[in-house]
Amino acid sequence: AAALLLLPGDRARYAVAAAAAVTLTACAALPVRAVLAHRTVRTTAPREDVANARPSRRRLVVELTLLVPAAGAVEALRRRGTTGDQLISLAPVLTGVVAALLLLRLYPPLLRLAARPVGRLRGATAQLSVARAGRTSASGVLPLLAVLTALATAAFGGSVLTGVADARDRAALLTIGADARVEAAVSLPSGLSERARSVPGVRAATAVSIAYEAVPTNGESAVPLAGVDPRDYSALSARMGLGAFPAENLMAPGGRHPKPGDALPAVASASIAEKFGTRGPVGLRLNDGTFLTLRITAVRDRTPAVLRSDFLLVDRAGLPAEDASPTALLLTGAHLDAGALRRAVGRTATVQTRAEARAGYADSPIQTGAEHVYTAAVGAASGLAVLALLLALVRAAPERAALLARLRTMGLTRAQGRRLLILESLPQALLGAIGGALTGWTVIRLLSPGVDLTVIALPGTDGQAGQAALRPDLWSLAVPALTVVVVAVAVAALQAWWTGRRGSVRELRAGDAR
């Protein structure tokens, strides 16, 4: 009508006919649809139970639509790394959503499998709980999608934080060699080892003598030579996870210390063993002109005493008295008091601690900001999972209350009602917990080749302190999943207790009205 008034013309009848056709179609659409839907008379509407309902074609189209960009994002992330467009940044969430949709498809068959052994049990509580879980409407499993996606996001963020912490701890260990290191340019003062052992938090102290200018007799460049006590140093290497070896590799046959003039058994780095070989003897000249003959018995990549890639380890008892004097002290302990250790050492030597070295890698605002972002992501995802579960339970609370009221008139006890609600909520809670952990593990395993945490964990090291890789973290996978199960059980038990206190008259009337 507005068009005819604004733009009058000779073909008004065509416009009126078209408008009447559109109006007639719009008015007849709903009645025709209602007639077609009620061709057959039904006493009740068909149920859409989650255990029996078949996924619609629209759901299949939506799942395939999500699968394509998720696969593309994962492939792009594995090839190009974390530097890319916004699709790559959405790879963890998209992968979690696709895995969650797959688990939701597996939920009805799992329920049907669980109903078979439960049907053989005595009593009706377990059978009724499984039947109630299967009779949930198909839309009732939608909160599971939020729970699974949130748990996968929390697992990914927690694994990132754990990977960053592990990389920094490993880099600090490679920098110090132990939990603390006391080193002097010359021999350590007498009594320093005893004073260091008395510092709070110190569990063990291993003295070593290091000569950085030991020159091979064949004209090669100088290599560091460390004299150690075989048993104490072997235990230290095993405890620190740096080139552990049996103490017998540094001892003469029969487990005795080598005598002066004997060929000293030595543990060498891979580069030293490649230069000199492991069959023939190796000659060394020390700073004081003393000559030693070594025999390489084992090869290791790292060692706590020497922080370089080239090293030789020998029994300190086989060195001359002047060269056997300790020049460094390697300390281990869970909570070392750095201030007390420096006061005990004084100015006679330098003190380095593993905790201070680890803290040095996190002093950049970019690194700390990235950690805060991932920490917030873990907290938000965990809160979203719990919130989705709580909303689903609250939504079903009136129906459960009415069910308990009816069953109580048939002789159901309060304990049986509590077990009924708990067992009814367990299938979805367990699927959310186990499925969320599996989804998080899958996301991390798929994306780990393209995620390098070195920029966040070890800034400015250029790979010298190692690489930070993304690996699944057990605590990040298990703790949010267990929290979901605990919350579901706690809410079900609380609802059963509260319903038992209120009485049944109101619930029965509400149920009859519905």
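Pairs needed: first member in the stretch 199-213, at positive phi; second member anywhere, surrounded by fewer than 14 Cβ atoms within 10 Å (Cβ to Cβ); C-beta distance under 6 Å; at least 6 residues apart or different chains. Short answer, once both residue conditions are applied: G201/H335.
Let's see how each residue does on (1) crowded, with 21+ Cβ neighbours inside 10 Å; (2) at pLDDT 75 or above:
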residue: I422; (1), (2): no, yes
residue: A429; (1), (2): yes, yes
residue: T439; (1), (2): yes, yes
residue: A478; (1), (2): no, yes
residue: A510; (1), (2): no, no
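Quick one: is R181 charged (D, E, K, R) and in a strand (DSSP E or B)? Judged against the criteria, R181 is a match.
Let's see how each residue does on (1) hydrophobic (A, V, I, L, M, F, W, C); (2) assigned by TED's automatic domain parsing to the domain that holds G417:
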residue: L331; (1), (2): yes, no
residue: T368; (1), (2): no, yes
residue: H372; (1), (2): no, yes
residue: T375; (1), (2): no, yes
residue: S382; (1), (2): no, yes
residue: V386; (1), (2): yes, yes
residue: L390; (1), (2): yes, yes
residue: V394; (1), (2): yes, yes
residue: R400; (1), (2): no, yes
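Residue by residue, here is whether (1) part of a helix (DSSP H, G or I); (2) loosely packed, with under 14 Cβ neighbours inside 10 Å; (3) of a type outside the set (D, E) holds:
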residue: P224; (1), (2), (3): no, no, yes
residue: D232; (1), (2), (3): yes, no, no
residue: R239; (1), (2), (3): yes, no, yes
residue: I272; (1), (2), (3): yes, no, yes
residue: L284; (1), (2), (3): no, no, yes
residue: T303; (1), (2), (3): no, no, yes
residue: E322; (1), (2), (3): no, yes, no
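To keep it simple, each residue is scored yes or no on (1) aromatic (F, W, Y); (2) closer than 28 Å to A468 by Cα; (3) not assigned by TED's automatic domain parsing to the domain that holds A266.
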{"residue": "R170", "(1), (2), (3)": "no, yes, yes"}
{"residue": "S187", "(1), (2), (3)": "no, no, yes"}
{"residue": "V199", "(1), (2), (3)": "no, no, yes"}
{"residue": "P216", "(1), (2), (3)": "no, no, no"}
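Residues of the stretch 70-86 being closer than 17 Å to T153 by Cβ and either among the hydrophobic types (A, V, I, L, M, F, W, C) or modelled with pLDDT of 80 or more (or both), which ones? Across the stretch 70-86, the qualifying residues are A70, A73, V74, L77.
Of the residues making up the stretch 378-396, those that are farther than 29 Å from G158 by Cα and surrounded by 15 or more Cβ atoms within 10 Å (Cβ to Cβ) number 1.
Out of the residues in the stretch 345-401 meeting the condition of being more than 30 Å from L420 (Cβ to Cβ) and of a type in the set (K, R), tell me which one is farthest from the chain's Cα centre (by Cα).
Within the stretch 345-401, the subset more than 30 Å from L420 (Cβ to Cβ) is 345-381.
Checking which are of a type in the set (K, R) leaves us with 347, 354, 358.
On the way: R347: 43, R354: 24, R358: 20 Å.
It comes out as R347.
There is at least one residue in the stretch 426-435 that is among the small types (G, A, S) and either outside the structural domain of E371 (by TED's automatic domain parsing) or under 27 Å from D166 (Cβ atoms) (or both).
The values are calculated or read from the model by the stated rules, or taken from the named source; none is laboratory data. Quick caveat, the model's predicted, so the values are computed rather than measured. Note: ideal-geometry Cβ built from the backbone for every residue, glycine included; neighbour counts use all protein chains shown.
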